Structures are given as C-alpha cells and as structure tokens.
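The values are calculated or read from the model by the stated rules, or taken from the named source; none is laboratory data. Predicted model only: the values in this text are computed from it and were never measured. Counting neighbours? That spans all protein chains shown, and the Cβs are built from the backbone with ideal geometry, glycine included. These area figures cover heavy atoms from the full protein model, side chains too; ligands, DNA and RNA do not enter into them. Shrake-Rupley method; radii C 1.70, N 1.55, O 1.52, S 1.80 Å.
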Amino acid sequence: MSNSDPKSSLKPDTKLAHLGREPRSFHGFVNPPVVHASTVLYPDVESMRPGGQKYSYARRGNPTTDSLEEALCELEGAAGVKLTNSGLNAVALAVLSCVKSGDHILITDTAYHPTRHFADTVLPKFGVSVDYYDPLMGVGIKSLFRPNTTAVFTEAPGSLTFEMQDIPAIAEAAHDIGATVLMDNTWATPLFCQPISLGVDLAIQAGTKYIVGHSDAMLGTVAASERAWEALDEYYGAIGGHVAPDDVFLGLRGLRTMSVRLERHQRNTHAVLNWLKDQPAVANISYPALPSDPGYEIWKRDFSGSTGLCAFDFADGTTNEQSNAFLNALNLFGLGYSWGGFESLAIPVKLKGSRSATQFDEKRRSVRLHIGLEDPEDLITDIGQALNKAFD
C-alpha cells in the first residue's frame, strides 16, 4: 500500500476496521466477498499476456486473499505479505525462501518446537546445516557466524520460557554479513511489535492465534521487507502456495476485533499474574511485560503491549503428580496446545529434548497459560481451587 494512501496515517485501531476492504468495489457491501475460484477467464488473447489483467489464476491470488494481505502489509510496514495454511507452514516458507543447499542457519534455542522439528528433519535433506544459539546472546551471536551463514531465525519472547531477544542488535550483526533475519512474532502480533522496523527481513505469525482469534481456522502469515520480498514472492509462487478463501475470510473477520481482544487479554493476564505471584506454590512467573521479568527492559523498548500467553514455575519440590493434579482440576482452562482464541488454556511445560544451547532445570515443574477473555475474577477463582486441590 502506498504511503500516499490516506489510510496509512491512521491509528492502528482505525486501520483494523478499514484496511483491506473497499465497499464501493463490491456493490457497497461492508465485507469483501469470499471468492471461491480456480479458473479465471480473459476477455481476449491480448489480456492473457503477463500483466494483461489483475487476476490470472486463483492460486496467484483473488480479491479475498488480497484483502487480508493488503491489510497486514500496512500493519506490518512491509513490502509484501504472503498467506499460508498454518503458522508452521509460514515458518517453512520464510526459511526456505532465503536458504539453499550448502547454507548455514542459526535458530534461537527457544524456538517453537515444531520449528525446531522442521529444522532438524527437513533442512538437512536440502543440504542446509543448523545450529541453535542462546537467545540472550545479542550481538555476541557474531561468534557463531560461519562463512556460509545466510539466515538467523529469532523468536521473541521465546516459546515456553519467554526469554526476550535483542532483535535490533542481532539484525545489525546479521546484516553485516548479508544474512537474512527472520522473527516469529506470533506472541505480540504487529499491533504490539513491528519486527521489520527493528531490522527483521521476514516477520512470521501463526495467524491461527490472535488474527483469527476464535479457534476455528488455521492461518499463517509472512511479511517481508524490501530486501526479502522478491525472493519470498518468487518462492511462494514456485511452490504453489495458496490458502482457502473461507479461512482467509475468518482471518479478516478476526482482524477487525484483534485490538479490542488483545486489550482484554492483556488486562486479564496482568490481573491473574498479579494474584498468582503471591501464591506459595508458585516460584516464578515468565511474562516479559512484568517489571520483575529479566526481559522487561527489552520488551519495554521494542514492544507496545503484551498478550495472553505466559508461564509459571511451581515451587521447588513440586512433584509431577502435583503438577498434573493442578491441571486436571482446572475447570475454565482447557487442556490444549494452541492459544490466541477467546478461551483460556493450559499445558504442562516440557523442555526435555527441546533445548541444546541453553541450560534448564529438568526437575522444574512449569505450566503455560493462555489467559482468555473470561472475567479475570473467575479465572483466579479457578486457579485458586486447582492449587488447593493439588497442594492440600
């Protein structure tokens, strides 16, 4: 979207309500239509030539996918955006668009576990070597660069353990050797962090989470800087990337209310954690928006808000049976691996086998929570009764 577009100067909340839709183009209807299509017809042979008309084949885009891509492009401050059918697919697309056989990629040790599985099982088959690094290295990551290092994958905060990374320092170091910088920004969304403004080349989201927001569709997004856009666009077309229009529509629907929902997620999470930190059974809370968190200063510098995903450690001596008893006693928190929807969720944190460059206490018992849109007093009551059942 051109900077001359009057919508480019609007505040984020207003952008969410107006970007990616042009009612006058669709007979005045507020929402873009859901276009189900494959074949596109041409009026004449001349228009069949490249660039002869806007749409050539549905895999290359249609009015539904364009609407969401254009809205996200503006929110991300990107040169272009591509949609994928899941967050993991977005990770794979972004990585494969910037590496080739013989290359070396550095990946944060705290990356989302499926990202790690992809890196360990798929990339070696393409001749790409992988090393994991301590997310707290910052500019020290230079010591891990090789002559063939072409990409650095970041995620902030880190999956399950919520470490914050100094993204601008890492990006500057990576760009000095011509490497592409990627960031999984699912936790913050572009409302609370704009990775491209921090020096990131490919900003990734599992749109399944906060963009969709209702736990009823799978979606991924990759936003590219000018530096990375051409390669991403070319690779996406070459592999036949496409997302079903019904899922794109659900992403568009969720986008309209994302700011309102995130405000509530943020408020509820602070309320729950401010209560939880004083509970005898709880030793530590991981949430970078808390002043007590080690990553708070970086979060405060680079982020403008926080969302509903957090974790806490039980006190020393807590057994696996007590941790499981707590989880099983929850009534309002579902036990499920996703997050970002309207509902609260909980899972046990399992780090064994998912870290190689950082140390962690294998005896530690931790729980990841997603604080949903319920009344926080009800959530606190539910956690309280579950703690009582597990530790009485």
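With the structure loaded, tell me whether Leu273 is part of a helix (DSSP H, G or I), of a type in the set (A, V, I, L, M, F, W, C) and in contact with a strand residue (DSSP E or B) (Cβ under 9 Å, 6 or more places away or on another chain) or whether it fails that test. For Leu273, the condition - part of a helix (DSSP H, G or I), of a type in the set (A, V, I, L, M, F, W, C) and in contact with a strand residue (DSSP E or B) (Cβ under 9 Å, 6 or more places away or on another chain) - is met. Which residues, taken from segment 66-86, are open to solvent by less than 10 Å² (accessible area, probe 1.4 Å), over 14 Å from Leu19 (Cβ atoms) and either in a helix (DSSP H, G or I) or not hydroxyl-bearing (Ser, Thr, Tyr) (or both)? Hits for segment 66-86 are Gly80, Leu83.
Filtered by the rule that a residue be under 23 Å from the mean Cα position of the chain (by Cα) and open to solvent by less than 10 Å² (accessible area, probe 1.4 Å), segment 367-392 gives Val367, Leu369, His370, Ile371, Gly372.
Residue count for segment 24-36 satisfying the condition of being modelled with pLDDT of 90 or more and surrounded by 13 or more Cβ atoms within 10 Å (Cβ to Cβ): 2. Being in contact (Cβ under 8 Å) with a residue 12 or more places away in the chain and out of contact with any Leu (no Cβ under 7 Å at 6 or more places or on another chain) holds for only one residue in Pro50, Pro43, Pro33, and it is Pro33. Quick one: is Ala311 out of contact with any helix residue (DSSP H, G or I) (no Cβ under 9 Å at 6 or more places or on another chain) and either modelled with pLDDT of 95 or more or among the aromatic types (Phe, Trp, Tyr) (or both)? Spelling it out, Ala311 is indeed out of contact with any helix residue (DSSP H, G or I) (no Cβ under 9 Å at 6 or more places or on another chain) and either modelled with pLDDT of 95 or more or among the aromatic types (Phe, Trp, Tyr) (or both). Among the residues of segment 260-314, those identified as open to solvent by 10 Å² or more (accessible area, probe 1.4 Å), of a type in the set (Ser, Thr, Tyr) and out of contact with any Cys (no Cβ under 8 Å at 6 or more places or on another chain) are Ser292, Tyr296.
Checking every residue in segment 250-258 against the condition of being surrounded by fewer than 16 Cβ atoms within 10 Å (Cβ to Cβ) and within 19 Å of Lys15 (Cβ to Cβ) gives at least one match. Exactly one residue out of Gly340, Gly353 is in contact with a Gly (Cβ under 7 Å, 6 or more places away or on another chain) and at positive phi, and it is Gly340. Of everything in segment 203-216, what is open to solvent by 10 Å² or more (accessible area, probe 1.4 Å) and either among the polar types (S, T, N, Q) or closer than 15 Å to Leu83 by Cα (or both)? Give them in sequence order. Those that are open to solvent by 10 Å² or more (accessible area, probe 1.4 Å) and either among the polar types (S, T, N, Q) or closer than 15 Å to Leu83 by Cα (or both): Ala206, Thr208, Lys209, Ser215. Out of (1) open to solvent by less than 50 Å² (accessible area, probe 1.4 Å); (2) at pLDDT 80 or above; (3) not in a loop (DSSP other than H, G, I, E, B), the odd one out for Arg59 is which? That leaves (1) as the condition not met.
Within segment 266-290, residues that are touching a residue at least 24 places away in the same chain (Cβ under 8 Å) reach partners that are charged (D, E, K, R) and open to solvent by less than 40 Å² (accessible area, probe 1.4 Å) with beta carbons closer than 7 Å, at six or more positions or on different chains, in the pairs Ala283/Asp313; Asn284/Asp313; Ser286/Asp293; Tyr287/Asp293. Taking every residue in segment 341-368 that is free of Cβ contacts under 8 Å to residues at least 24 places away in the same chain and pairing it with any residue that is assigned to a loop (DSSP other than H, G, I, E, B) and among the basic types (Lys, Arg), at least 6 positions away or on another chain, the pairs with Cβ-Cβ distances below 7 Å are Glu362/Lys352. Based on this model, can you work out whether Thr154 counts as polar (S, T, N, Q), open to solvent by less than 10 Å² (accessible area, probe 1.4 Å) and on the phi > 0 side of the Ramachandran plot? The answer is no for Thr154.
Residues in segment 324-341 that are part of a loop (DSSP other than H, G, I, E, B) and surrounded by 15 or more Cβ atoms within 10 Å (Cβ to Cβ): 7 in all.
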